[in-house]
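First comes the structure, then the notes that go with it.
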Amino acid sequence: MMFGRKHKNPIKMHDKGVVEWKYATCGYCSVGCSIEVGIDAKGEPVTTRGSGKADVNRGKLCIKGLTEAELFNTPGRGSEPLIRNKTFEPWQQTDWDTVFKKSAAEFQRIQQTYGRDAVAIVSTGQILTEEFYSLGKLARGVIGTNNYDGNTTLCMASAVSGYKRSFGSDGPPGCYGDFEHTDCLIAWGSNLTEQHPVLYWRLKEAREKRKFPLIVVDPRVTMFAQFADMHLPVTPGTDLVLLNSLAHVILDEGLQDEAYIRQSCNGFDEFAELVKQYDPTSAAKICGIDEDTIRTVARLYAKADNAMSIWTMGINQSTHGSDGVCAINNLNLITGNIGKPGSTSLSITGQCNAMGTREWSSCSGLPGYRALENENHRKEIAEFWGIDEEFFPTKRGLFMTDIFPAIETGEIKALWVIATNPMTSMPNSGRIRKTLENLEYCVVQDVYEDVETMQYAHAYFPAAIWAEKEGVFTNTERRVNLITPVKKPYANSKADFWIFREFSRYFESPHSDGKMPHFPDTPKEVFEEMKTLSHGIGPNGRDRILDYTGMSYENIYEQRGIQWPYRKEDADNGIEKGEARLYTDGVFQFPDGKAKLLALPYVENNEVPDQDFPFWLNSGRVVEHFHTRTRTGKVGNCNKYSPTPYMEMNPDAAEELGIEHMQYVRLVSRRGDAVVMVQLTQRVPYNMVFIPFHFHDCVNRLSLGLLDPYSRQPAFKQCSVRIEHVDQQEAAQLNVEMRAY
Ligand code: SF4
């Protein structure tokens, strides 16, 4: 019986005429899916599919990966270098020689007039690792500014800072395979289903095979929270209180792993003294989670044979983001949940190669997790690059979030923005707009010539996109994976790798005897340099953890990605995989090998709702979009699902204010205002609204973005707003203009 279907036409798949599949790694999020790009007879990319052999995604892709072949010909691609004397004047098309000559001359003029650090460089988490390494060589070894950072300060800086403070080094200790071994998982401020869909599928599959408790901590009833066994709707910005309280219960009830603490941790006494103050009764009043639930979760986590925590921006984007990460690490250290299958702290990174910049870009130090503050590291890199050691500063310069205030005060006069879009992504965008007007010279290097930050630029370097280039990315679980060029760069755009190498030739040597670092001709040669630098002894006297020496483009491709550390000895001995986990022996990266348990007092310093601004403003991602929509806003099948800046609002609150579903409203904060369409949903509580962060001139007109003291990451998710009625026709017109690409 066909139930009426036998006369219907079967669904026909459009034959895209693929004649060849070329290999890459997805260029969006940090899950790092292996992807194959289908090429037609004319050599054009026409479709994508997940690589079935890849351990990460096992053939799957989310909507962004599935539509990635459309990227190559999206509107707004930059085809030629552009130049102009003043902002807001019309752009002049030019050639690479002219734009390089002019930009190098301007950078050098400004450095000679105001000092070396008056030129700032703000980079990204989205170019290839070999490109990051080359940019670091140019920034640190030739241009010589210390005000060089990446947009990872907006997303992962707290995780980096927390790993360093707890374990002595950056580097996520766990892997996706931990889902298959854990007995309890807490997800902190992570909407995995939308932010990292293929990773959510891995988790779901693991839970279907072997049921274990999933607890989601999030102020909002996210899609992920709906799938959880327990949802803890924590009060925004108070996760540290909840974490300290969980530790309180664990110690109070003697559930800690004494042997692990004795063998592998310092700082227990001070930590134990601090968490005494966070009894569940008192903590519940601050974090909004009742005391019985706190006790239940603490017992569940501590008694599980293997427990793990994952987190994303709900923890990182906070005034105590770094402390929140350390508190997660504390929880895992006192319960002995690090370095075993199913037992870990695992930050889920945002951008496809945020890990690559952390490892190799020299943004926060020197390549390969080396520090500017360490004399031996400065010496080692100066010798390797063939430059003067004294040229390096002895401590890191400004973070991205401090670079903009330094432009505002006139300390910085020139800015080179690479593959990021601060006009949309930085908090308090009204202030950022005003700040950028102060620049004497600004270069934007991007795939697209219509990114919002271009309004303030004097020069434009058109960059090639994603798989028009060759090199590697590192994903969240330390897996290095390959991107092969599936087609030539669009028009006269160039690989970022080419841009860094060629631009370096326009600077005079700042070193004695005219020395200059060597910029190799191919990404593969750069990869070999990185491999050499990855070998050696780490701060704890053992082999460095960030070791690539066993890798080659060939074996990375064969394995569809290899996790570091992967040492030459491993490769020589026929071992095909890198190490899945760090700290398996309980030895950490501090000189004595012990991790630090940190006493982390909670300080209430955020903007909270009051009579004038009675709603929490929360922000986050939706599955169809990535970052500031420079790419997904132009891919039809991504944009059409979410084309409009909208706001989730609780129906009861809406009714009280006389607001209806799909109406436009104006949100007002102490910084500015934004017009959004209302979507009524019980996902948000009565006193909270939520807006996806991707849209220009939207949530960041409102956000405050107080900075974390360690990571300098902004608290994007916590500020207060009020809601006002607007003329519906005027708002609809504004919306049409904003959507027009
Ligand atoms: Fe790409 Fe992330 Fe989607 Fe995988 S989950 S296809 S890496 S965007």
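A short reminder: the numbers here are calculations on the coordinates, not readings from a lab. Worth saying up front: this structure is predicted, and the values here are computed from it rather than measured. Glycine also receives a Cβ, built like all others from the backbone with ideal geometry; neighbour counts cover every protein chain displayed.
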Residues Arg210, Arg631, Arg378, Arg109, sorted so that the one with the fewest Cβ neighbours within 10 Å comes first: Arg210, Arg109, Arg378, Arg631
Rounded to whole Hz, the Karplus (6.51, -1.76, 1.60) HN-Hα couplings of the stretch 684-701, x for glycine and proline: 10, x, 3, 9, 9, 10, 10, 10, x, 7, 5, 8, 5, 6, 9, 4, 7, 6
Neighbourhood charge, 15 Å Cβ-Cβ cut-off, centred on Ser264 and excluding it, Lys, Arg +1 and Asp, Glu -1: +2
Sorted by Cβ density within 10 Å, fewest first, the residues Glu383, Glu359: Glu383, Glu359
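Multiplying the sequence separation of Glu660 and Gln455 by 0.36 nm and subtracting their Cα-Cα distance, what value in nm do you get? It would help to have the intermediate numbers written out before the result.
Working: separation 205, 0.36 × 205 = 73.80 nm, distance 3.60 nm.
In short, 70.2 nm is gained.
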Amide H contacts under 5 Å for Ala304, placed H, 5+ residues apart: none
Cα-based shape type of the chain, given that a ≥ b ≥ c are square roots of the gyration tensor eigenvalues and the cut on a/c is 1.5: rounded
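On a 20 Å Cα-Cα criterion, which of the cross-link pairs Lys164/Lys596; Lys379/Lys524; Lys22/Lys488 come out too long?
Values: Lys164/Lys596 10 Å; Lys379/Lys524 25 Å; Lys22/Lys488 13 Å.
Pairs exceeding the cut-off: Lys379/Lys524.
Show me the ranking of peptides 641-649, 137-145 by mean Cβ neighbours inside 10 Å, starting with the highest. The partial results should precede the final answer.
Working: 641-649: 20.1, 137-145: 24.3.
Top of the packing list down: 137-145, 641-649.
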Charge-dipole axis of the stretch 64-139 as Lys and Arg at +1 and Asp and Glu at -1 on Cβ define it, positive-most pick from Val99, Val119, Gly65: Val119
Vicinal HN-Hα couplings computed from phi for the stretch 347-364 (Karplus, 6.51 cos²θ - 1.76 cosθ + 1.60; Hz; Gly/Pro x): 6, 9, 5, x, 7, 4, 10, 4, 5, x, 6, 4, 7, 10, 7, 6, 4, 9
Burial ranking of peptide ranges 566-578, 590-602, 615-627 (average Cβ count within 10 Å, highest at the top): 615-627, 590-602, 566-578
Under-5 Å amide H pairs with Leu366, H placed in peptide plane, nonlocal only: Ala371, Leu372
Fully extended contour minus Cα-Cα distance, from Lys211 to Thr296, at 0.36 nm per residue: 28.8 nm
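Report the charge-dipole magnitude of the stretch 564-690 in Debye, nearest 20, computed about the Cα centre from +1 at each Lys and Arg Cβ and -1 at each Asp and Glu Cβ.
Values: 15 positive and 18 negative charges, 120 e Å.
Around 580 debye, computed over the stretch 564-690.
Please give me the summed charge of the neighbours of Cys638: other residues whose Cβ is under 12 Å from its Cβ, Lys and Arg +1, Asp and Glu -1. Kindly include the intermediate steps, with their values, before the conclusion.
Details: positive: Lys64, Arg629, Arg631, Lys634, Lys640; negative: Glu68, Glu70, Glu624.
Neighbour charge sum, excluding Cys638 itself: +2.
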Cα lying deepest toward the dipole's positive end in the chain, options Leu707, His661, Ala307, charges on Cβ: His661
Share antiparallel - DSSP beta bridges, the chain, percent rounded to 5: 50 percent
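Within the P(r) computed for the stretch 18-73, what percentage of the Cα pairs occupies the region above 19 Å? Walk me through the intermediate numbers first.
On the way: 305 of 1540 pairs.
More than 19 Å apart: 20 percent of the Cα pairs in the stretch 18-73.
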Protection-proxy order for peptides 689-695, 510-516, each taking the mean of Cβ atoms within 10 Å per residue, highest first: 689-695, 510-516
Set of lysines near Lys209 by C-alpha distance (under 19 Å), chain-local residues within fewer than 8 positions excluded: Lys60
Backbone HN-Hα couplings from phi across the stretch 540-552 [Karplus 6.51/-1.76/1.60, Hz, Gly and Pro as x]: 9, x, 9, 4, 4, 7, 7, 10, 9, 4, x, 8, 9
Farthest toward positive dipole pole in the chain [+1 Lys/Arg, -1 Asp/Glu at C-beta], among Pro591, Gly550, Phe615: Gly550
The chain, relative contact order in percent, only Cα pairs under 8 angstrom and at least six apart counted: 19 percent
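If R₀ is 30 angstrom, what is the calculated FRET efficiency for the pair Tyr557 and Asp95, using the beta carbon separation as r and rounding to 0.05?
Working: r = 36 Å, r/R0 = 1.18.
It comes to 0.25.
Take every Cα pair under 8 Å in the stretch 615-740 that's 6+ residues apart, average their separations, divide by the length, and report that relative contact order as a whole percent.
Values: 242 pairs, mean separation 42.2, N = 126.
Computed value for the stretch 615-740: 33 percent relative contact order.
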Taking only Cα atoms of the stretch 173-347, radius of gyration then Dmax in Å: 14.8, 41
Value of relative contact order over the stretch 539-591, rounded to a whole percent, pairs C-alpha under 8 Å and six or more apart: 41 percent
Point-charge dipole on Cβ atoms (K/R +1, D/E -1) for the chain, about Cα centre, debye to 20: 1540 debye
Local electrostatic count at His694 - Lys and Arg +1, Asp and Glu -1, tallied over other residues with Cβ under 11 Å: +2
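Above 20 Å lies some portion of the pair distances; for the stretch 389-468, what is it as a whole percent of all C-alpha pairs?
Roughly 36 percent, rounded to a whole number.
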Candidate aspartates and glutamates for bridging to Lys64, where Cα separation is under 14 Å - those fewer than 8 sequence places away on the same chain excluded: Glu36, Glu194, Glu624
Charged-residue dipole, Cβ positions (Lys, Arg, Asp, Glu), the stretch 254-389 about Cα centre, Debye nearest 20: 420 debye
Amide proton proximity set for Thr549, modelled H, under 5 Å, gap of 5+: Tyr566, Lys568
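Evaluate E = 1/(1 + (r/R0)^6) for Glu258 and Val18, where r is the Cβ-Cβ distance and R0 equals 56 Å; express this FRET efficiency to the nearest 0.05.
0.40
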